[in-house]
Amino acid sequence: MSGGAYVLGLIDPVPVVARESSAVVDAHAAADDAATLREQLAVEVKAARSVLEGPDGQAAPKAERQALGTALDDARQLMTALGKVTRSPSGTEDQATALLGQVGTLRSDARAAVDALREATRLMVESGRQLRLERAMTGLEHGRADLREVTAVGEQAFAESAEVAAATDREALRAALDQAADLDARAGAALLEKAPAQGSAVSELLAEIEELAGALAATTAQIEDAAAVVLTGTREDAVEVEAEDAEDAAGSPDAGTAGTDTAPAGTCPEPDQVWTAENGHLSSSELASIPFSSSHAVRADVVGGLAELNEAYAAEFGVSMTINSSYRSYAQQESLYDPSSKTAAPPGCSNHGTGLAIDIGGGVQAFGSAQYEWLKANAEAYGWVHPPFAELSGRNPEPWHWQSVDAPNSF
């Protein structure tokens, strides 16, 4: 009866549902898995690239950087291959089987690529961080030497100003000198500390050394500024005394024969020095703070080149340049000038007064050091040079003195 009913159209036929083979279903899942693998690999590539471009990567030896670069290239090629895996619902069983094999191979390759990226990154970080630590230690040693040199000058200024300088100025200098003593002791202890072999301990020591080096540089600059203020007050007092003595001796037969400690306006003692009325009298609008050494300033139109030079220097040595002196006012130059010494030019004759000269420590202050030689080879490209007078064979050898190519003279 049912057969007859079917023939007569009284009963609808039961629909037959086509079912995908297990290979096709698995292929669909594999295609989804390929997309997930590509996303995961992209995260690993981004992380490795970030480390390569970071401080450790920049400091790492060329071989380690190249190894990570190769691992990154391999990973990116694999990402491209994973991106070409397509999900084909209408695929045949043979196509599905081929797709399963392809994704299986890519999955294995992806695991290997992640392992290679992580290992290359680890080796690069380890080597780069060790080199950064070594350079930081060297920078700390030079910074400590700079601090000691400036501290000696500061202590002398403090002793000589006992009766003449303002109490607040002497207190500021004393505080900076006391801070220097503490930093000197900490630096000495850090330099004696044995560097750890690897791991987080290296990072911790590096952070401590870099922080300490920054504090040394800041305190060095602070002592210089405070000593200059104290010495200026001392010198102004001495000038007043000299003026009073000159008035008392005005009627003397020898009146008018006394000498002067500063160069007359318009003249300088050396033929390669140029006197200008603006020297030491630049306005704040003409100056700009040095970005990596904010207590110092140079002329605003040359600070950009100096900042770029420092970026290249920091990429090479892992630390910024140590600026020990920059623009000096007329009064500051006057307090430093000693006619019996070649150390400082007379007020009005120094390129420090033009805002176009700096004195650099951190290793640069020694002829033949790696830092000095690097600057000799690279500084001019950024607009800064070591002048002939300051060369080892010059009239006043000063490896630390560097100036803009726009400087009007050689001192």
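Checking ASN324, ASN310, ASN279 one by one, the residue that is over 24 Å from ALA226 (Cα atoms) and either of a type in the set (S, T, N, Q) or assigned to a loop (DSSP other than H, G, I, E, B) (or both) is ASN310 and no other. The residue of the range 327-365 that is farthest from ILE223 (Cα to Cα), among those that are in a helix (DSSP H, G or I) and aliphatic (A, V, I, L, M), is ALA331. Looking only at the range 306-359, residues that are more than 14 Å from the chain's Cα centre (by Cα) and β-branched (Val, Ile, Thr) come to 3 in all. Here ARG87 clears all of (1) modelled with pLDDT under 90; (2) part of a helix (DSSP H, G or I); (3) basic (Lys, Arg) except the condition numbered (2).
Is the range 46-66 home to any residue that is farther than 30 Å from SER320 by Cβ and either outside any helix (DSSP H, G or I) or in contact with a helix residue (DSSP H, G or I) (Cβ under 8 Å, 6 or more places away or on another chain) (or both)? Looking through the range 46-66, none of the residues is farther than 30 Å from SER320 by Cβ and either outside any helix (DSSP H, G or I) or in contact with a helix residue (DSSP H, G or I) (Cβ under 8 Å, 6 or more places away or on another chain) (or both).
A single member of LEU336, LEU287, LEU282 is crowded, with 21+ Cβ neighbours inside 10 Å and not polar (S, T, N, Q), and it is LEU336. Which residue is surrounded by the most Cβ atoms within 10 Å (Cβ to Cβ), if the candidates are limited to the range 371-411 and must be farther than 24 Å from ASN279 by Cβ and modelled with pLDDT under 90? Out of the qualifying residues, it is LEU392.
Of ALA221, ALA207, ALA187, ALA176, which residue is assigned to a helix (DSSP H, G or I), of a type in the set (A, V, I, L, M), touching a His at 6+ places or on another chain (Cβ under 9 Å) and not assigned by TED's automatic domain parsing to the domain that holds GLN332?
It is ALA221.
Applying the condition of being charged (D, E, K, R) and surrounded by fewer than 15 Cβ atoms within 10 Å (Cβ to Cβ) to the range 56-73 and asking which residue is farthest from SER108 (Cα to Cα) yields LYS62. Looking across the range 389-411, the residues that are more than 15 Å from VAL302 (Cα to Cα), in contact (Cβ under 8 Å) with a residue 40 or more places away in the chain and not in a loop (DSSP other than H, G, I, E, B) come down to PHE389, HIS401. Does LEU133 fit the bill of being part of a helix (DSSP H, G or I), buried (at least 17 other Cβ atoms within 10 Å of the Cβ) and modelled with pLDDT of 90 or more? Answer is no for this residue.
The values are calculated or read from the model by the stated rules, or taken from the named source; none is laboratory data. Small disclaimer: the values here were computed from a predicted structure and weren't measured. Note: ideal-geometry Cβ built from the backbone for every residue, glycine included; neighbour counts use all protein chains shown.
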